[in-house]
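The values are calculated or read from the model by the stated rules, or taken from the named source; none is laboratory data. The shown structure was predicted, so the numbers you read here are calculated from the model rather than taken from an experiment. Note: ideal-geometry Cβ built from the backbone for every residue, glycine included; neighbour counts use all protein chains shown. Side chains included, ligands, DNA and RNA excluded: accessible areas come from the protein's heavy atoms. Shrake-Rupley method; radii C 1.70, N 1.55, O 1.52, S 1.80 Å.
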Amino acid sequence: MPSPVRRLAVIAFIAALVAACSPSGTGGSPVGATDAGGSASSGGQPVTLRLGYFPNLTHATAIAGIREGIFADALGPDVTLETKPFNAGPEAVEAIFSGALDASFIGPNPAINAYAKSNGEAIRIVSGATSGGAYLVVRPDISSAEDLRGKKLATPQLGNTQDVALRAWLKEQGLTTDVQGGGDVSILPQPNAQTLETFRSGEIDGAWVPEPWATRLIQEGGGKVLVDERELWPDGQYVTTHLVVTPAFLDAHPGIVKDLLAGVVEATDFVNADAATAQAVVNEGIKAVTDKPLAEPVIAAAWPNLTFTVDPITASLETSATEATELELLDPTDLTGIYDLSLLNEVLREAGRPEIPQP
């Protein structure tokens, strides 16, 4: 019997097919090329680019690019940038399926799901953004995987990147889970802000969450790190956030996508150049969405746990897909074609930087 994740994705994809028969919400006329400098050629017609992101430190590149006007400047006056914040990946995927987004910063597992459930029609990964920054934080009295038996743990959302990572790790430890919250360890998907509250109140015993929530669980909830996800990957590198674009927008507006990617490269340079300045900018962006800035000790402690890079670390994606398949959250799928790094490599080549191999 299909899992809830599968049923939801199929329903959403059918909605997307219906939406595809309606006039495009992006506006403007198709763009076939960019000029020598890589600027978008919109034919003088206004185009709207609807971009999703999350108010998390793992999306620092996106937040800085938006707050500093880097993306808007790169896109130019003929492109209107509309930004839409989301709590977790599956929500952004639903927006892509319904035709409400043209591009989004997102985690690997929701991207895999979007690609699989749409038979490769929903998204293309065009750049990386962040590596690292996810942890399993637990109560101080928990010292091993076996101590988690009979306990309750949280993740941001069923089927999102951290949810799959937690379930896969528990399975490797010989502990069972299911999507209804049963098994040896009960997993309760919930918004990150709620997770901090339920951890502090004792309703849950830990959570696999991205930064800054991992650091907040430690500093504000008295938790400790049981698993640093970097330790589970070769060289400690795995994709946490990358940028996806719908094929429809990519095909119609490659020049605009290339300009956005130029902005992503610049925003990545910005967040890597001056940590204090970048933290302040990103914190203001988080406050704008959540109404609450991060405490300075939180952002200062969490920042070094993240690597901001346009490299999507493609080798980690296949592993994530395999884990989701083994957990029956994803049907076996061929990921051939999920990446299109051609425009990113044009930007990098023109800037005199090393290109990233296309899988």
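State whether one or more residues within segment 266-277 are without any contact (Cβ under 8 Å) to a residue 40 or more places away in the chain and in contact with a Pro (Cβ under 9 Å, 6 or more places away or on another chain).
Scanning segment 266-277, I find at least one residue that is without any contact (Cβ under 8 Å) to a residue 40 or more places away in the chain and in contact with a Pro (Cβ under 9 Å, 6 or more places away or on another chain), so the answer is yes.
Just the residues that are touching a residue at least 24 places away in the same chain (Cβ under 8 Å) and open to solvent by 20 Å² or more (accessible area, probe 1.4 Å), please, taken from segment 320-333. Steps first, please.
Filtering segment 320-333 down to residues touching a residue at least 24 places away in the same chain (Cβ under 8 Å) leaves 320-321, 323-324, 326-331, 333.
Selection gives E323, E326, L327, E328, D331, T333.
Given the conditions (1) open to solvent by 70 Å² or more (accessible area, probe 1.4 Å); (2) modelled with pLDDT of 95 or more, which single one is not true for A301?
A301 satisfies every listed condition except (1).
Among the residues in segment 306-316, are any free of Cβ contacts under 8 Å to residues at least 40 places away in the same chain and over 23 Å from D102 (Cα atoms)?
For segment 306-316, residues free of Cβ contacts under 8 Å to residues at least 40 places away in the same chain and over 23 Å from D102 (Cα atoms): absent.
T277: open to solvent by less than 50 Å² (accessible area, probe 1.4 Å), among the β-branched types (V, I, T) and outside any loop (DSSP other than H, G, I, E, B), yes or no?
Working: open to solvent by less than 50 Å² (accessible area, probe 1.4 Å): no; among the β-branched types (V, I, T): yes; outside any loop (DSSP other than H, G, I, E, B): yes.
When the stated conditions are applied, T277 does not pass them.
Filter segment 280-298 down to residues that are free of Cβ contacts under 8 Å to residues at least 60 places away in the same chain and part of a loop (DSSP other than H, G, I, E, B) and give me whichever is surrounded by the fewest Cβ atoms within 10 Å (Cβ to Cβ).
Checked segment 280-298; the qualifying residue surrounded by the fewest Cβ atoms within 10 Å (Cβ to Cβ) is D291.
What's the number of the only condition in (1) over 15 Å from T130 (Cβ atoms); (2) buried (at least 19 other Cβ atoms within 10 Å of the Cβ) that V244 fails to meet?
(1)
Kindly provide the set of residues from segment 181-198 that are within 11 Å of T155 (Cβ to Cβ), open to solvent by 20 Å² or more (accessible area, probe 1.4 Å) and of a type in the set (A, V, I, L, M, F, W, C), ordered by number.
L188
Filter segment 199-221 down to the residues that are open to solvent by 40 Å² or more (accessible area, probe 1.4 Å), more than 17 Å from A300 (Cβ to Cβ) and either in contact with a strand residue (DSSP E or B) (Cβ under 7 Å, 6 or more places away or on another chain) or not in a helix (DSSP H, G or I) (or both) and list them by number.
G202, E203 - these are the residues of segment 199-221 that are open to solvent by 40 Å² or more (accessible area, probe 1.4 Å), more than 17 Å from A300 (Cβ to Cβ) and either in contact with a strand residue (DSSP E or B) (Cβ under 7 Å, 6 or more places away or on another chain) or not in a helix (DSSP H, G or I) (or both).
Could you list, in sequence order, all residues of segment 138-152 that are closer than 23 Å to G236 by Cβ and either out of contact with any strand residue (DSSP E or B) (no Cβ under 6 Å at 6 or more places or on another chain) or at pLDDT below 95 (or both)?
Passing the criteria: S143, S144, A145.
So is N113 at pLDDT below 95 and either open to solvent by 50 Å² or more (accessible area, probe 1.4 Å) or out of contact with any Leu (no Cβ under 7 Å at 6 or more places or on another chain) (or both) or not?
Details: at pLDDT below 95: yes; either open to solvent by 50 Å² or more (accessible area, probe 1.4 Å) or out of contact with any Leu (no Cβ under 7 Å at 6 or more places or on another chain) (or both): no.
In short, no.
Here's the yes/no breakdown for (1) surrounded by 15 or more Cβ atoms within 10 Å (Cβ to Cβ); (2) at pLDDT 95 or above:
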{"residue": "A9", "(1), (2)": "yes, no"}
{"residue": "V18", "(1), (2)": "no, no"}
{"residue": "S42", "(1), (2)": "yes, no"}
{"residue": "P46", "(1), (2)": "no, no"}
{"residue": "G69", "(1), (2)": "no, yes"}
{"residue": "T83", "(1), (2)": "yes, yes"}
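Against the conditions (1) modelled with pLDDT of 95 or more; (2) of a type in the set (S, T, N, Q); (3) in a helix (DSSP H, G or I), where does T307 fall short? Just the number, please.
Just one mismatch for T307, condition (3).
I want to confirm something. Restricting to segment 145-180 and keeping residues that are open to solvent by 20 Å² or more (accessible area, probe 1.4 Å) and under 15 Å from E203 (Cβ atoms), which single residue is nearest to the chain's Cα centre (by Cα)?
Top of the filtered list is K152.
Working only within segment 311-359, note down all residues that are outside any loop (DSSP other than H, G, I, E, B), within 21 Å of I256 (Cα to Cα) and of a type in the set (S, T, N, Q).
Hits for segment 311-359 are S342, N345.
Please identify the pairs in which a residue from segment 212-233 that is closer than 23 Å to G285 by Cα has its Cβ atom under 8 Å from the Cβ atom of a residue that is polar (S, T, N, Q) and surrounded by 23 or more Cβ atoms within 10 Å (Cβ to Cβ), counting only partners at least 6 apart or on another chain.
P212/N56; W213/N56; W213/N192; W213/T195; L217/T195
Mind telling me which of the residues D235, D269, D251 ends up being closer than 21 Å to A321 by Cβ, open to solvent by 10 Å² or more (accessible area, probe 1.4 Å), acidic (D, E) and in a helix (DSSP H, G or I)?
D235
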